[in-house]
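Take a look at the structure below.
The values are calculated or read from the model by the stated rules, or taken from the named source; none is laboratory data. This one's a predicted model, so the numbers in the text were calculated from it and none came from an experiment. Here the Cβ positions follow ideal geometry from the backbone for every residue, glycine too, while neighbour counts run over all protein chains shown. Areas reflect the complete protein model, heavy atoms only, side chains present, ligands, DNA and RNA absent. Shrake-Rupley method; radii C 1.70, N 1.55, O 1.52, S 1.80 Å.
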Amino acid sequence: MQKLLTPASAVTTHEFEGRLRGVIDLHTHTRFSDGSQSPTELVEEAAAKGLRAIAVTDHDTVDGLPEALAAGERLGIEVLPGVEINCEYEQVTMDLLGYFLAGAPTEELERELAELRAYRDRRNDLMLERLAGLGLPLDPADLAAAGENGAVGRPHIGEAMVRRGYVSSISEAFELYLRRGAPAWVDRRRLALGHALRLLRESGALPVLAHPGIIRTDAAGLDRIVRHAARGGLAGIECWYPLHDEETVRRCLDLARKYALAPTGGSDYHGTVKPGITLGRAAGGRPVADRVLTDLRCLADDQLTRLG
Ligand code: AMP
Ligand code: FE
Ligand code: ZN
């Protein structure tokens, strides 16, 4: 296998006359989950910025991918089809990103995603009941994501609350009502980490642990999660992320080395739903070099060869 990336090569700023060059973003959302843009609008923005590739990673749905891939073809920017799935291990929750670099999702994965979305709908109803009980009624029809199979969640409830004038921003809605432990919060269903890894692997997807720096655990807990996931087929770890400070990036890179994982990065762009986040900007506001994608592919080829 080719030598994996050194940290320095991934954090160089690549800018020329206001456009980004030779950089990618491996974590973005559209209106098929809780982003504010259609897949086409997202890919258009990425192309206008000069990004070489983006991964579209909506929560619990792959239905926005055909539109994103078509836009990518038209605009000459590589679109990696992906998904983001919430998981748990030892009572700690975390997100997995899956990149479908070797074909479409299996029917089993599609079925599991449909079930996760059905649970979301029930949970949304419960959260609306709680909000109504607090004197803040909303109409379920206010919570639309794009498409029939969109994944609706708390950001849509926050948007609807802003439209009704109950709060002045989505982040205020989270702070007062929707964040974990707040009065309208209801927990959601998630997959066991090992099960989600297996589903992604059987789909030919490369699983990557999303934003380890915001997992609610300590260093030893994170190490156990990564070791368990690496044994279950984890391919990469999202090291460069807007909420990761330099120390966190370094700890993630150490874990990548320790468990032979590809270091990856992305912005988790949600458009206007998360106003503080910019497409193409990860840790410290810096972009992620396209070399990261080359290394992820290289690792995947290597693993596939070993599996025969
Ligand atoms: P859900 O899938 O319904 O549990 O909602 C999770 C989504 O809400 C994720 O995309 C988070 O990034 C997003 N989120 C969490 N906290 C906030 C916040 N304070 N403001 C906006 N979005 C948030
Ligand atoms: Fe989200
Ligand atoms: Zn995300």
The condition from (1) under 18 Å from GLY64 (Cα atoms); (2) within 16 Å of ligand 2 (Cβ to nearest atom); (3) free of Cβ contacts under 8 Å to residues at least 40 places away in the same chain that PHE174 misses is numbered (1)
Test each condition in (1) farther than 30 Å from ALA173 by Cα; (2) within 15 Å of the chain's Cα centre (by Cα); (3) not acidic (Asp, Glu) for LEU299 and report the one that comes out false. (2)
Within the stretch 232-273, the residues that are within 13 Å of the chain's Cα centre (by Cα) and within 15 Å of ligand 1 (Cβ to nearest atom) are GLU238, TYR241, PRO242, GLY266, SER267, ASP268, TYR269, HIS270
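Quick one: is THR248 assigned to a helix (DSSP H, G or I) and touching a residue at least 12 places away in the same chain (Cβ under 8 Å)? Steps first, please.
Details: assigned to a helix (DSSP H, G or I): yes; touching a residue at least 12 places away in the same chain (Cβ under 8 Å): yes.
In short, yes.
For GLY204, state whether it is under 28 Å from PRO81 (Cα atoms) and modelled with pLDDT of 95 or more.
For GLY204, the condition - under 28 Å from PRO81 (Cα atoms) and modelled with pLDDT of 95 or more - is not met.
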Of all strands (runs of 3 or more DSSP E) fully inside the stretch 38-149, the set with 2 or more residues that are among the hydroxyl-bearing types (Ser, Thr, Tyr) is 92-99
Residue count for the stretch 248-258, restricted to those that are touching a helix residue (DSSP H, G or I) at 6+ places or on another chain (Cβ under 9 Å) and open to solvent by 90 Å² or more (accessible area, probe 1.4 Å): 2
A careful count of residues in the stretch 189-215 that are open to solvent by 50 Å² or more (accessible area, probe 1.4 Å) and within 16 Å of ligand 3 (Cβ to nearest atom) gives 1
From the residues in the stretch 137-162 that are modelled with pLDDT of 95 or more and open to solvent by 50 Å² or more (accessible area, probe 1.4 Å), which one is farthest from ligand 3 (Cβ to nearest atom)? PRO137
Would you say GLY308 is modelled with pLDDT under 95, among the small types (Gly, Ala, Ser) and open to solvent by 60 Å² or more (accessible area, probe 1.4 Å)? yes
Just to be sure, is GLU238 assigned to a strand (DSSP E or B) and under 23 Å from MET94 (Cβ atoms)? yes
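Based on this model, can you work out whether LEU143 counts as over 25 Å from the mean Cα position of the chain (by Cα) and among the aliphatic types (A, V, I, L, M)?
no
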Of the candidates GLY284, GLY204, GLY276, GLY221, the one satisfying the condition of being touching a residue at least 12 places away in the same chain (Cβ under 8 Å), more than 16 Å from ligand 2 (Cβ to nearest atom) and outside any helix (DSSP H, G or I) is GLY204
